[in-house]
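The values are calculated or read from the model by the stated rules, or taken from the named source; none is laboratory data. Everything quoted here is computed from the prediction, not taken from an experiment. For neighbour counting, all protein chains shown are included, and Cβ atoms are generated from backbone atoms with ideal geometry for every residue, glycine included. For accessibility, only protein heavy atoms count, side chains too; no ligands or nucleic acids. Shrake-Rupley method; radii C 1.70, N 1.55, O 1.52, S 1.80 Å.
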Amino acid sequence: MRGVTAGRGRPNVSDPAAYHRCVPVPPRLSRALTPNVPTLRALAVANVVAQIGITVTGSIVRVSESGLGCPTWPDCSGGSLVPIAHPALGQLHQWIEFSNRLLGGAVGVLSALVFLGAVLAKPRRKRHILLALTMPLGVILQAVIGGITVLTKLSWWTVCLHFLPSPALVWLAVLLLRAITEGDEPARPLIPRPLRALQVAMAADVALVLMAGTLVTAAGPHAGDIHTPRLNLPVANLAQAHADIVFILVGMMVAFGFALRITGGTPALWRRYVLFVALVLAQGALGLLQYFLGVPDVLVILHVLGSTLVVAALAALWCASRDRGPMRTVAPDTTPATSPAPVTATN
């Protein structure tokens, strides 16, 4: 007899397939392992905040000259994972860099929870899972680049590479937050094709702004360590190129607003557009202020925060311009559980 024990109606544990057919997961356990939408949204919101926060704390490490507070990786110093007394290393610098590493670990745990929630969610949706998967993969990538940055003693090009994945992760985190409550239908555009093309151009321009900003920083006074060589290019020329790219963004942003007014837009789309405009203008004013004041530390930190907020706002505008329909739900199974009928053994 295969699948059950003769005459008793109980599953034969030697046949896993029959066992799971006869013994379903208890409803209470199934509910406990299935995160609801509010839980998924809370994790996704925390993930957006964490991705922005780790970028800002990285700027604190940089402006405080603590980039080599932990001169090795993954150890901090002297073969120890945590800061220890060292004659050549300041304790404050060690703890600033070590705290940033700890926060990176916390972001990694949160990103893993976000991915686990997407896998356990019902219905299980491919787009949701793929977007959630980018979070832990992105954290791992950042950790590897961070290690290379430390081992190369903060070479300016490695520092640039270490920053650039962060805004990309912020963008994906916003898309992930939206994906939790939207459907899986192909994206239906809510704006005409020329405006969608303009959105793509604005996203590409923001990417260029960020790249140019890393070069300005690479040539500027904030190296992360006083002994790190700087990019040997004139800061004024790099800053002018950075500003020129921002002016192009402002022009496209204004054009988008006029076109949206003519073609119409949903209230949600207009709210996100206004937020994006406000953040871009504030970020531009902050950039000019820090340039004329000699790049003070506090303004550098605020400027990094502003850059991530601009990326998040543009990602939200992108999401509001497309509709994937309502999220499909799964009705609870109200069928009463029944025991398998006894089976009589046969030869």
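Rundown of residues vs (1) closer than 26 Å to GLN142 by Cα; (2) open to solvent by less than 20 Å² (accessible area, probe 1.4 Å); (3) of a type in the set (Lys, Arg), yes/no style:
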{"residue": "VAL170", "(1), (2), (3)": "yes, yes, no"}
{"residue": "LEU177", "(1), (2), (3)": "yes, no, no"}
{"residue": "ARG188", "(1), (2), (3)": "no, no, yes"}
{"residue": "PRO192", "(1), (2), (3)": "no, no, no"}
{"residue": "ALA197", "(1), (2), (3)": "no, no, no"}
{"residue": "MET211", "(1), (2), (3)": "yes, no, no"}
{"residue": "GLY224", "(1), (2), (3)": "yes, yes, no"}
{"residue": "ASP244", "(1), (2), (3)": "no, no, no"}
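Of the residues making up the range 243-270, those that are on the phi < 0 side of the Ramachandran plot and free of Cβ contacts under 8 Å to residues at least 40 places away in the same chain number 11.
Inside the range 129-150, residues that are hydrophobic (A, V, I, L, M, F, W, C), within 27 Å of THR39 (Cβ to Cβ) and crowded, with 20+ Cβ neighbours inside 10 Å make up a count of 4.
Within the range 246-258, being open to solvent by 30 Å² or more (accessible area, probe 1.4 Å) and small (Gly, Ala, Ser) holds for GLY251, ALA255.
Taken together, the residues in the range 194-225 that are closer than 19 Å to HIS162 by Cα, over 23 Å from the mean Cα position of the chain (by Cα) and hydrophobic (A, V, I, L, M, F, W, C) amount to 4.
Can SER59 be described as in a loop (DSSP other than H, G, I, E, B), open to solvent by less than 30 Å² (accessible area, probe 1.4 Å), modelled with pLDDT of 85 or more and out of contact with any Lys or Arg (no Cβ under 6 Å at 6 or more places or on another chain)? Explain how you work it out, then say what you get.
Details: in a loop (DSSP other than H, G, I, E, B): no; open to solvent by less than 30 Å² (accessible area, probe 1.4 Å): yes; modelled with pLDDT of 85 or more: yes; out of contact with any Lys or Arg (no Cβ under 6 Å at 6 or more places or on another chain): yes.
No; evaluated as a whole, the condition is false for this residue.
A quick yes/no check of all residues on (1) touching a His at 6+ places or on another chain (Cβ under 7 Å); (2) of a type in the set (A, V, I, L, M); (3) touching a residue at least 12 places away in the same chain (Cβ under 8 Å):
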residue	(1), (2), (3)
LEU137	no, yes, no
ALA143	no, yes, yes
LEU151	no, yes, yes
TRP156	no, no, yes
LEU164	no, yes, yes
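Each residue in the range 127-166 was checked for being of a type in the set (D, E, K, R) and in a helix (DSSP H, G or I), and 1 of them qualify.
Look at VAL274 and say whether it is of a type in the set (A, V, I, L, M, F, W, C) and open to solvent by less than 60 Å² (accessible area, probe 1.4 Å). So VAL274 fails the test. The condition of being β-branched (Val, Ile, Thr), over 27 Å from SER64 (Cβ atoms) and within 13 Å of the chain's Cα centre (by Cα) holds for only one of VAL170, VAL119, VAL114, that being VAL114. Please indicate, with yes or no, whether at least one residue in the range 174-185 is assigned to a helix (DSSP H, G or I), more than 28 Å from THR266 (Cβ to Cβ) and touching a residue at least 12 places away in the same chain (Cβ under 8 Å). Looking for residues that are assigned to a helix (DSSP H, G or I), more than 28 Å from THR266 (Cβ to Cβ) and touching a residue at least 12 places away in the same chain (Cβ under 8 Å), one finds none in the range 174-185, hence no.
Residues are listed down the side, and each one gets a yes or a no for (1) modelled with pLDDT under 95; (2) open to solvent by less than 30 Å² (accessible area, probe 1.4 Å); (3) not aromatic (Phe, Trp, Tyr):
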residue	(1), (2), (3)
PRO83	yes, yes, yes
LEU89	yes, no, yes
TRP95	yes, no, no
SER99	yes, no, yes
LEU116	no, no, yes
ARG127	yes, no, yes
THR152	yes, no, yes
TRP156	yes, no, no
CYS160	yes, yes, yes
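Does HIS93 fit the bill of being of a type outside the set (Lys, Arg), in contact with an Asp or Glu (Cβ under 9 Å, 6 or more places away or on another chain) and part of a helix (DSSP H, G or I)? The answer is yes for HIS93.
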